Amino acid sequence: MTTREIFETMDYGPAPESSAEALAWIAAKGPAFGAFIDGAFAKPGETFATRNPATGAELARITQSSAEQVDKAVTAARRAFPGWSKLSGHQRARHLYALARLLQKHARLFAVLESLDNGKPIREARDIDVPLAQRHFYYHAGLAQLLDDEMPGHAPLGVCGQVIPWNFPLLMLSWKIAPALAAGNTVVLKPAEYTSLTALLFADICREAGLPKGVVNIVTGDGRTGEALTTHPDVNKVAFTGSTEVGRRIRQATAGSGKSLTLELGGKSPYIVFDDADIDSAIEGLVDAIWFNQGQVCCAGSRLLVQEGIAADFHARLKARMDKLRLGDPLDKSIDVGAVVDPVQHATITRLVDRNTEGETYRAATPVPEQGCFYPPTLITGLSPAAPLMQEEIFGPVLVSTTFRTPSEAVEIANNTRYGLAATVWTENLNLALDVAPKLAAGVVWVNATNLFDAAAPFGGVRESGFGREGGWEGLLAYLEPALKTKPLKPADPVPAPDRPDAPGLDRTAKMYVGGKQARPDGGYSQPVWSAKGRLLGHMGLGNRKDIRNAVEAARGAAAWARTTGHLRAQILYYIGENLSARSAEFAARIRDLTGVNAKTAEAEVDVAIDRLFTYAAWADKFDGTAKSVPIRGIALAMTEPVGVIGALAPDDAPLLGALSVIAPAIAMGNRIVLVPSYAAPLAATDLYQVLDTSDLPGGVVNIVTGDPADLAEPLASHMDVDAIWAFTPHVSAEAVERASASNLKRSWVHDGHGIDWMGKSGEGRRFLQAATEIKTIWVPYGE
Ligand code: NAI
């Protein structure tokens with residue numbers, strides 16, 4: 001026999017991991033589990049079975065927590081909040097460190113329990129999920145330690161309601177709980193109904209670690225429990241990971257509640273292979289991209305884009321590799337692909353694949369166990385870009401593939417999705433990789449690697465993949481709020497027509513400002529604007545849905561602004577400031593007329609507006625990204641990118657300053673903006689047209705639509721091509737804006753009934769810059 005023949009006949013022997021300790025833990029603590037509230041396990045209530053998806057065997061019974069139990073948990077978290085938030089950063093760091101240590105000490109138990117409950121290969125639970133969960137607690141112990149010095153003036157939000165999915169039960173728990181606790185919040189977390197066991201084990205170690213009662217509460221149950229938690233009036237922050245559909249529902253259900261919200265949702269992430277890639281590595285990467293965790297990964301590289309010239313060879317090699325993947329008992333250390341989490345998910349995957357009639361479907365030749373939720377690694381080629389399987393998240397071990405010819409075509413296909421979670425690029429050409437990475441609509445980009453995660457590296461999506469980041473200082477921010485000076489928010493209405501109007505013959509009608517040109521209102525309606533003393537100052541156009549559409553289209557058309565340098569944007573902002581300064585007396589007089597303030601106040605407003613333009617000119621080339629040191633052979637670059645098109649409803653007070661306080665940070669960071677100015681005093685903003693025209697600002701970067709914010713808010717907030725909505729006017733309710741923003745899950749910043757002090761320092765700075773930017777984390781090979 002030749003060596004080659006020996007290799008061909010050799011097979012892996014089974015290497016089973018024992019489930020005895022995990023089953024003993026279930027028997028000892030269960031087998032029926034109640035929720036974990038205020039430091040103790042409650043008595044089990046109405047229960048349902050949690051099963052091992054590889055065998056169908058019942059593992060334990062889990063309580064379907066009622067709204068009343070959720071309320072108890074939230075009350076416990078509220079009670080614990082003052083004590084926990086008052087601890088020093090160091091004291092909280094010690095608690096997080098203790099949890100990290102216990103996660104290490106019980107690592108095997110966690111890994112086996114996770115594998116039993118979820119069906120994932122023990123190799124993955126042991127080598128990826130559990131170590132990353134530990135790392136998360138260690139890292140956040142560090143953030144807690146440094147928080148007081150590094151982020152002064154920030155306060156925790158309060159009680160966090162956190163809902164997580166079943167694909168990485170312990171890891172997602174860590175991503176949620178570690179930053180919340182580090183920042184000084186308390187938590188009620190709901191694990192997914194299929195996979196509650198490691199969360200319950202975690203609750204157990206919270207007791208062992210001596211965590212104060214009520215700081216962490218775990219309520220088990222299905223979506224009904226999740227709904228009760230996310231809509232509970234005493235929850236200050238909701239953090240959700242799961243499907244886009246449920247994320248959208250949560251956005252709607254929490255609209256106007258004042259709850260802070262982060263959503264980490266689905267994806268259909270592209271995996272791009274250029275013809276100069278190291279093919280073998282790209283194929284191994286693909287195994288990790290789509291067959292890791294049976295493809296049940298939100299950022300799975302589920303859409304393969306391979307350059308045409310190498311496609312045939314690549315697919316042939318891929319199929320050969322697929323045939324070698326071993327499917328089977330998740331507790332066997334030598335298997336590659338385990339069981340899908342539940343028969344429901346198995347049925348969904350089967351239905352999606354069976355419904356497809358296009359292209360060619362290849363199933364790995366590897367044997368599939370007859371019992372249990374096993375689905376073979378599958379590759380589907382030859383689909384058209386609009387085919388449902390090219391667009392929909394399958395969330396299983398199914399890869400779809402298409403080809404491209406040029407890098408720009410690759411980018412176009414990659415971005416042809418409503419999602420924007422992650423993307424992978426394989427090429428040996430550094431220039432090409434770093435040229436393509438910024439063009440991809442994704443929150444995370446991996447270069448010559450895939451599915452890398454670390455506590456230091458921000459993770460999260462754009463578009464309908466949700467908003468907010470987890471990991472790093474950036475992730476911590478989502479659990480903190482800046483302590484700001486605010487004032488009561490009072491709507492200012494347009495001055496009503498006086499009994500004896502003082503209407504000098506010269507009438508000026510302010511038009512809309514769209515694409516750098518003045519445009520008449522589509523509806524043909526306008527409304528007189530009276531001074532506080534009853535003098536006719538001019539007319540404002542009453543914008544409608546069509547005007548908003550035109551303005552958004554113009555803003556989209558000005559996409560080149562996003563690619564300008566910070567230096568250029570700074571120059572233009574300085575220039576706007578300079579031109580405003582040259583006309584400051586005129587603007588001050590206008591403010592006086594419009595609002596009735598005295599000359600000194602009006603002049604002060606113009607001065608602060610010029611100062612503010614200088615502030616954002618200064619920031620334009622200084623709000624930099626950071627390089628994160630991650631414990632692998634690489635570096636994660638957390639780059640700040642513009643959000644895109646921002647729709648903004650300016651505040652009523654300080655009509656010039658309010659408008660510029662919103663415009664300036666948006667355009668400084670490379671966004672385009674559609675602004676609805678103050679309803680009561682729109683002419684201070686419409687006078688800006690000439691200033692903008694003479695300041696070298698390209699048309700379409702700033703667009704202004706005047707009118708009643710109550711009419712314009714909905715079309716702006718629901719527009720599918722608007723990426724973020726800011727609403728500072730009390731003329732619209734936070735609820736209406738946030739509800740409308742659910743259309744494409746745009747990020748929203750909406751007044752909570754309090755007004756920003758625009759004249760003060762609260763009216764500018766990092767908070768605005770953060771809202772105007774998105775973090776893109778680009779992982780690149782680096783060092784040894
Ligand atoms: P799901 O989004 O329904 O479940 C995630 C979590 O949300 C679970 O804990 C669930 O109990 C909870 N939940 C459900 N309805 C809720 C509501 N109205 N309010 C609050 N919480 C609620 O996901 P599901 O149904 O388990 O999976 C369906 C599909 O979702 C998958 O096939 C996959 O495409 C996608 N998905 C994506 C995930 C991701 O990480 N991006 C994770 C899980 C699922």
Checklist entry - What's the Kirkwood radius of the range 495-538 in Å, using all Cα pairs? => result 11.8
Item to check | Residues in the range 276-290 that a label on D313 would reach, taking backbone N under 15 Å of a point 7 Å out along Cα→Cβ | outcome: 276-283
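Calculate the FRET efficiency for L430 and E370 from the Cβ-Cβ distance with a Förster distance of 30 Å, rounded to the nearest 0.05.
Details: r = 48 Å, r/R0 = 1.60.
With R0 = 30 Å, the Cβ-Cβ based efficiency is 0.05.
Which value, to two decimals, describes the C-alpha radius of gyration of the range 500-639 once divided by 2.2 N^0.38 Å?
Numbers: Rg = 21.1 Å, N = 140, 2.2 N^0.38 = 14.4 Å.
Taking the Cα Rg and dividing by 2.2 N^0.38 Å, one obtains 1.47.
Given 37 °C and 0.692 mPa s, how large is the Stokes-Einstein diffusion coefficient of the range 192-264 in µm²/s, with Rh as the Kirkwood radius over Cα pairs?
Answer, rounded: 242 µm²/s.
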Checklist entry - Taking the C-alpha atoms of the range 132-189, how large are the radius of gyration and the largest Cα-Cα span, Dmax, in Å? => result 11.9, 36
Item to check | Mean projected area (nm²) of the alpha-carbon convex hull when the range 22-163 is viewed from all directions | outcome: 9.7
Checklist entry - Running Debye on the range 344-448 with equal point scatterers at the Cα sites and no solvent, what base-10 log of I(q)/I(0) appears at q = 0.20 Å⁻¹? => result -1.10
Checklist outcome for this item: For the chain, the accessible surface attributable to carbon and sulfur atoms (probe 1.4 angstrom, ligands and nucleic acids excluded) amounts in percent to 52
Next on the checklist: Limiting things to C-alpha atoms, what are the Rg and the maximum Cα-Cα separation (Dmax) for the range 93-228, in angstroms?
Outcome noted: 14.4, 45
Next on the checklist: Spelling out what I want: for every residue of the range 371-378, take phi, set θ = phi - 60°, compute 6.51 cos²θ - 1.76 cosθ + 1.60 (Karplus), and round to whole Hz; glycine and proline get x.
Outcome noted: 8, x, 8, 9, 10, x, x, 9
Item to check | Principal axis dimensions, the chain - Cα atoms, whole angstrom, descending | outcome: 103, 62, 47
Checklist outcome for this item: In whole angstrom, the spacing between the Cα centers of the range 428-453 and the range 169-196 equals 29
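Send over the Kirkwood Rh of the range 573-670, from the inverse of the averaged 1/r over different Cα pairs, rounded to one decimal Å. Don't skip to the end; give the middle numbers.
On the way: mean 1/r = 0.0651 Å⁻¹.
For the range 573-670, inverting the mean 1/r across all distinct Cα pairs yields 15.4 Å.
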Checklist entry - By how many degrees, 0 to 90 and rounded to 10, does the Cα axis of helix 709-718 deviate from the longest principal axis of the chain? => result 30
Next on the checklist: Please compute the modelled spin-label separation between S18 and I635, points set 7 Å along Cα→Cβ, answer in nm with one decimal.
Outcome noted: 4.7
Checklist entry - Relative to the longest principal axis of the chain, what angle (0 to 90°, nearest 10) does the C-alpha long axis of helix 343-355 take? => result 70
Next on the checklist: Whole percent per 5 Å bin, from 0 to the bin with the longest distance: what is P(r) over all C-alpha pairs of the range 369-425?
Outcome noted: 4, 15, 24, 25, 15, 8, 5, 3, 1, 0
Next on the checklist: At q = 0.12, 0.22, 0.23 Å⁻¹, what log₁₀ I(q)/I(0) does the range 706-784 have when each alpha carbon counts as one equal point scatterer in the Debye sum?
Outcome noted: -0.44, -1.08, -1.14
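Eigenvalues of the Cα gyration tensor times 5, then square-rooted: what semi-axes does that give for the range 655-707, in whole angstrom, largest first?
Numbers: eigenvalues 58, 30, 19 Å².
One finds semi-axes of 17, 12, 10 Å for the range 655-707.
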Checklist entry - On a 0 to 90 degree scale, rounded to 10, what angle separates helix 67-86 from the longest Cα axis of the chain? => result 70
Item to check | Karplus-derived 3J(HN,Hα), 6.51/-1.76/1.60, for each residue of the range 519-524, Hz, glycine and proline x | outcome: 10, 5, x, 4, x, x
Item to check | L568-D611 pseudo-label distance in nm [points 7 Å out on the Cα-to-Cβ vector] | outcome: 3.1
Item to check | Hydrodynamic radius by Kirkwood, which averages 1/r over all alpha carbon pairs of the range 431-535, in angstrom | outcome: 20.4
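Computed FRET efficiency, Cβ-Cβ of A67 and H754, R0 30 Å: what is it to the nearest 0.05? Kindly include the intermediate steps, with their values, before the conclusion.
Details: r = 30 Å, r/R0 = 0.99.
The value I calculate is 0.50.
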Checklist entry - Could you give the dipole magnitude of the chain about its Cα centre, charging the beta-carbon of Lys and Arg +1 and that of Asp and Glu -1, in debye to the nearest 20? => result 1540
Next on the checklist: Could you derive backbone 3J(HN,Hα) for the range 16-33 from the dihedral phi with the Karplus parameters 6.51, -1.76 and 1.60 (θ = phi - 60°), listing whole Hz in sequence and x where the residue is Gly or Pro?
Outcome noted: x, 8, 6, 9, 4, 5, 5, 5, 5, 4, 4, 5, 6, 8, x, x, 9, 10
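Can you tell me how much longer the chain between R583 and A320 gets when fully stretched, taken as 0.36 nm per residue apart minus their C-alpha distance, in nm with one decimal?
Details: separation 263, 0.36 × 263 = 94.68 nm, distance 7.18 nm.
Additional length available on full extension: 87.5 nm.
Are there any GluC sites (Glu not before Pro) in the range 1-107 that are in a DSSP loop and have at most 13 other Cβ atoms within 10 Å? List them by number. Please list the in-between numbers first.
Details: sites: E5, E8, E17, E21, E46, E58, E68; in loops: E17, E46.
Filter output for the range 1-107: E46.
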Next on the checklist: Give me the dipole magnitude in Debye, nearest 20, for the range 569-654 about the Cα centre, with unit charges on the beta carbon: positive for Lys and Arg, negative for Asp and Glu.
Outcome noted: 400
Item to check | For the chain, calculated [θ]222 nm from helices alone, where every DSSP H run of n ≥ 4 adds -39500 (n - 2.57) | outcome: -12000 deg cm²/dmol
Checklist entry - Using only Cα atoms, what is the ratio of the radius of gyration of the range 631-784 to 2.2 N^0.38 Å? => result 1.14
Checklist entry - Between K761 and M10, what is the FRET efficiency for a Förster distance of 51 Å, r being their Cβ-Cβ separation, to the nearest 0.05? => result 0.15
Checklist entry - Given C-alpha coordinates of the range 1-106, what is the ratio Rg to Rh with the Kirkwood estimate of Rh? => result 1.22
Checklist entry - Once fully extended, how much extra length lies between H90 and K43, figured as 0.36 nm per residue of separation less the alpha-carbon to alpha-carbon distance? => result 13.5 nm
Item to check | Centroid-to-centroid separation of the range 657-680 and the range 121-159 [C-alpha atoms, Å] | outcome: 36
Checklist entry - Given H placed on each backbone N at 1.01 Å, which residues far from L537 in sequence or on other chains put an amide H within less than 5 Å of it? => result V529, W530, S531
Checklist outcome for this item: Length gained if K600 through T3 is fully extended, taking 0.36 nm per residue and subtracting the Cα-Cα distance, is 205.7 nm
Checklist entry - When the Debye formula is applied to the Cα atoms of the range 547-621, each taken as the same point scatterer, what base-10 log of I(q)/I(0) results at q = 0.18 Å⁻¹? => result -0.83
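The values are calculated or read from the model by the stated rules, or taken from the named source; none is laboratory data. All of these numbers come straight from a predicted model, not from anything done at the bench. Because the Cβ atoms are built from the backbone with ideal geometry, glycine has one as well, and the counts that use them run over all protein chains shown. Please note that ligands, DNA and RNA were not included when accessible areas were found on the heavy atoms of the full protein model with its side chains. Shrake-Rupley method; radii C 1.70, N 1.55, O 1.52, S 1.80 Å.
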